[in-house]
Amino acid sequence: MNLPSVAKGVSLKSYNTFGLEATADLFTTISSTEELKSILHNADYKHIEKLYLGGGSNVLFTKDFAGMVILNRIKGITVANEDENYVWVNAGAGESWHELVLFCVANNYAGMENLSLIPGTVGAAPMQNIGAYGVEIKDIFESLEALNLATHETEIFDAAACKFGYRESVFKHEAKGKYVITNVTFRLNKTPNFHVEYGAIKDTLEEMGVTDLSIKAISDAVIKIRQSKLPNPAEIGNAGSFFKNPEIPKTQFTALKGLYAEMPSYPINESTVKVPAGWLIEQAGWKGKRFGEIGVHAKQALVLVNYGNGKGDQIKALASDIQASVNEKFGINLTPEVNFI
Ligand code: FAD
Ligand code: EPU
């Protein structure tokens, strides 16, 4: 088996979108499942703790990593199957998510266009069932292959086995740390079913002068909206939304609405309401606040940022302060979306 080369003492600064400095004792890049297996079987490496990284766009390094970082670069995008209604597209876990979206948009395969410009890799997308602008990957997901780290066998997960929820999957719970996702298959539509219910999409399409709705026009609109409010990690370090939007009991929401009439919300079901964490954080006075090298983004209070030389433990402490102040003001607990390492 081909053993990929392993480097010692590697800086992870360019491998996480927060741009945080941390060192990995050992570092390697895999481009196939076989290469991954050769690392797992190797006598020198098999007992070492491992961290699997894609684009590093949903991690917060609070310290050095005393183990091996394995960068997933398993590539390949192929049309696996099609019938008169659908196209099944398979992609390696190490493909860029946005490149896959552009491939589908260019070929008029519908379903991923609202998920344009989300950073990171295909393999990490099912981890938290990535979502944006009214669509989640569960809506277009067919199945994935993952290597079981105990048996070294490949297992197939369909949507039910993934237990997708809002920014949730089985891989964040009972299967956490037990599998490496190696490739994912999506089912795209030959006939588009446009999702423009997010007001910002309609307004942006109008601004762009779009009269004939298309997959490409929606993708372009989503890209435009995202570029206008989310900081580009190449310029300001960040990991997108730091917290999940909290889901609270309707009774609690009704009581809060009595105090804060303008509080926005989205109904989840009869008894639960989702409240935008960005609004709560802004109301608690954090939006645009800068503390030396770190802070809260001025255009989106849900995004914590590293201006260049911030440290992961400073961001962690800021996140705790924000959680405490939102809890004190509204009695709501914010749960981080970002994975702390
Ligand atoms: P990484 O950060 O590398 O890894 C994330 C977690 O998954 C880690 O725990 C890692 O160990 C694990 N992991 C990675 N690859 C694998 C694998 N192949 N097998 C098993 N485990 C693995 N998310 C959204 O849902 N919606 C958005 O709109 C959105 N917008 C964003 C905007 C910005 C500017 C940024 C920086 C982030 C945004 N995110 C968003 C978050 C992020 O893009 C997603 O969570 C993305 O799927 C992370 O992919 P990644 O490859 O960078 O994962
Ligand atoms: N808001 C404020 N102040 C702010 C930010 C937001 O008041 O500073 C309020 C506004 O009322 C706004 C509402 O929050 O209407 C929602 O804001 P936005 O549309 O920006 O979306 P979000 O809820 O903050 C979520 C996802 C994003 C995703 C967008 C678009 C979560 C945790 N975040 O953000 O995903 O791109 O919707 O669908 O669900 C991510 O997960 O990393 C991420 C960026």
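The values are calculated or read from the model by the stated rules, or taken from the named source; none is laboratory data. It should be emphasised that the depicted structure is a prediction, and the values quoted were computed from it without experimental measurement. Cβ coordinates were reconstructed from backbone atoms using ideal geometry, including for glycine residues, and neighbour counts include every protein chain displayed. Ligands, DNA and RNA are stripped out before the accessible areas are found, and what is left, the full protein with its side chains, is counted by its heavy atoms. Shrake-Rupley method; radii C 1.70, N 1.55, O 1.52, S 1.80 Å.
Just reorder VAL222, VAL79 by solvent-accessible area, largest first, 1.4 Å probe, all chains present.
VAL79, VAL222
Sorting MET68, MET208 by accessible area (1.4 Å probe), largest first, what list results?
Sorted by accessible area, descending: MET208, MET68.
Using the per-residue mean of other Cβ atoms lying within 10 Å as a proxy for protection, in what order, highest first, do the peptides 115-121, 185-191, 57-63 fall?
Descending mean neighbour count gives 115-121, 57-63, 185-191.
Looking at the square roots a ≥ b ≥ c of the eigenvalues of the Cα gyration tensor of segment 78-175, which shape do they give, rounded for a/c under 1.5, prolate if a/b is larger than b/c, or oblate? It would help to have the intermediate numbers written out before the result.
Numbers: a/c = 1.72, a/b = 1.38, b/c = 1.24.
In terms of gyration-tensor shape, prolate.
Using a 1.4 Å probe and counting only protein heavy atoms, arrange HIS195, HIS173, HIS297 so the residue with the most accessible area comes first.
On the way: HIS195 60, HIS173 100, HIS297 25 Å².
My answer, sorted largest first, is HIS173, HIS195, HIS297.
If you roll a 1.4 Å probe over the chain with all protein chains in place, what percent of the accessible area is carbon or sulfur?
Result for the chain: 49 percent of the exposed heavy-atom area is carbon or sulfur.
Between the alpha-carbon centers of segment 313-340 and segment 22-75, tell me the distance in whole angstrom.
Each part reduced to its Cα centre gives a spacing of 29 Å.
Once you charge only the Cβ atoms, +1 for Lys and Arg and -1 for Asp and Glu, what is the size of the charge dipole of the chain about its Cα centre, to the nearest 20 debye?
Working: 32 positive and 38 negative charges, 192 e Å.
So the magnitude is around 920 debye.
Pick out which of GLY76, GLY240, GLY310 has the largest mean-square fluctuation in a Gaussian network model of the chain, springs linking Cα atoms closer than 10 Å.
GLY76
Sum up the charges of everything whose Cβ sits under 15 Å from the Cβ of GLU153, counting Lys and Arg as +1 and Asp and Glu as -1, but leave GLU153 out.
In short, -1.
In segment 144-237, which GluC sites (Glu not before Pro) are in a loop and have at most 13 other Cβ atoms within 10 Å, using DSSP for the loop call? Please list the in-between numbers first.
Working: sites: GLU145, GLU153, GLU155, GLU168, GLU174, GLU197, GLU206, GLU207, GLU235; in loops: GLU153, GLU174, GLU197, GLU235.
Listed in order of number, the matching sites are GLU153, GLU174, GLU197, GLU235.
Can you tell me the accessible area per residue over segment 6-72, all protein chains present, probe 1.4 angstrom, in square angstrom?
42 Å²
What FRET efficiency do you get for SER265 and ASN232 if R0 is 30 Å and r is their Cβ-Cβ distance, rounded to the nearest 0.05? Write down the numbers at each step before the final one.
Working: r = 30 Å, r/R0 = 0.99.
Result of the calculation: an efficiency of 0.50.
Once you keep just the Cα pairs under 8 angstrom separated by 6 or more residues, what percentage relative contact order results for segment 1-96? Could you put the intermediate results ahead of the total?
Working: 184 pairs, mean separation 26.2, N = 96.
Once normalised by length, the contact order is 27 percent.
As a check on your grasp of the helix formula, calculate [θ] at 222 nm for the chain: sum -39500 (n - 2.57) over DSSP H runs of n ≥ 4, divide by the residue count, round to the nearest 500.
Helix-only estimate at 222 nm: -7000 deg cm²/dmol.
Remind me, relative contact order of segment 151-305 in percent, using alpha carbon pairs under 8 angstrom and six or more residues apart? Could you put the intermediate results ahead of the total?
On the way: 143 pairs, mean separation 24.1, N = 155.
16 percent.
So which of LYS287/LYS311; LYS172/LYS316; LYS13/LYS138; LYS176/LYS289; LYS289/LYS329 end up more than 23 Å apart by C-alpha?
Violating the 23 Å Cα-Cα cut-off are LYS13/LYS138; LYS176/LYS289.
Among GLY258, GLY288, ALA317, pick out the residue whose Cα is farthest towards the positive end of the charge dipole of segment 237-340, where Lys and Arg carry +1 and Asp and Glu carry -1 on C-beta, about the Cα centre.
Positive-end residue among those listed: GLY288.
Work out the charge dipole of segment 164-224 with +1 on the Cβ of Lys and Arg and -1 on the Cβ of Asp and Glu about the Cα centre, then indicate which of VAL184, GLY209, HIS195 is farthest towards its positive end.
Result: VAL184.
When N counts the residues of segment 7-81, how does its alpha-carbon radius of gyration compare numerically with 2.2 N^0.38 Å, as a ratio?
Working it through for segment 7-81, the quotient is 1.19.
Can you compute the modelled spin-label distance between ASP212 and ASN309, with each label point 7 Å from Cα toward Cβ, in nm?
Output for this residue pair reads 5.5 nm.
Quick one: net charge around LYS172, please, counting Lys, Arg +1 and Asp, Glu -1 for every other residue with C-beta under 13 Å from its C-beta.
+2
If we count every other residue with Cβ under 15 angstrom of GLY310's Cβ, Lys/Arg +1 and Asp/Glu -1, where does the sum land?
Neighbourhood net charge equals +1.
So what is the relative contact order of the chain, in percent, for Cα pairs below 8 Å that sit 6 or more residues apart?
Result for the chain is 16 percent.
Would you mind computing the Rg to Rh ratio of segment 237-340 from its alpha-carbon coordinates, Kirkwood style for Rh? Present the calculation step by step, with values, prior to reporting the outcome.
Details: Rg = 14.0 Å, Rh = 14.1 Å.
Rg/Rh: 0.99.
Collect residues whose amide H, placed 1.01 Å from N in the peptide plane, falls under 5 Å from the amide H of ASN306; neighbours closer than 5 in sequence don't count.
Excluding prolines and chain starts, which carry no amide H, the hits are GLY237, ASN238.
Taking a ≥ b ≥ c as the square roots of the eigenvalues of the Cα gyration tensor of the chain, is the shape rounded (a/c under 1.5), prolate (a/b larger than b/c) or oblate?
Since a/c reaches 1.5 but b/c is at least a/b, the shape of the chain is classed as oblate.
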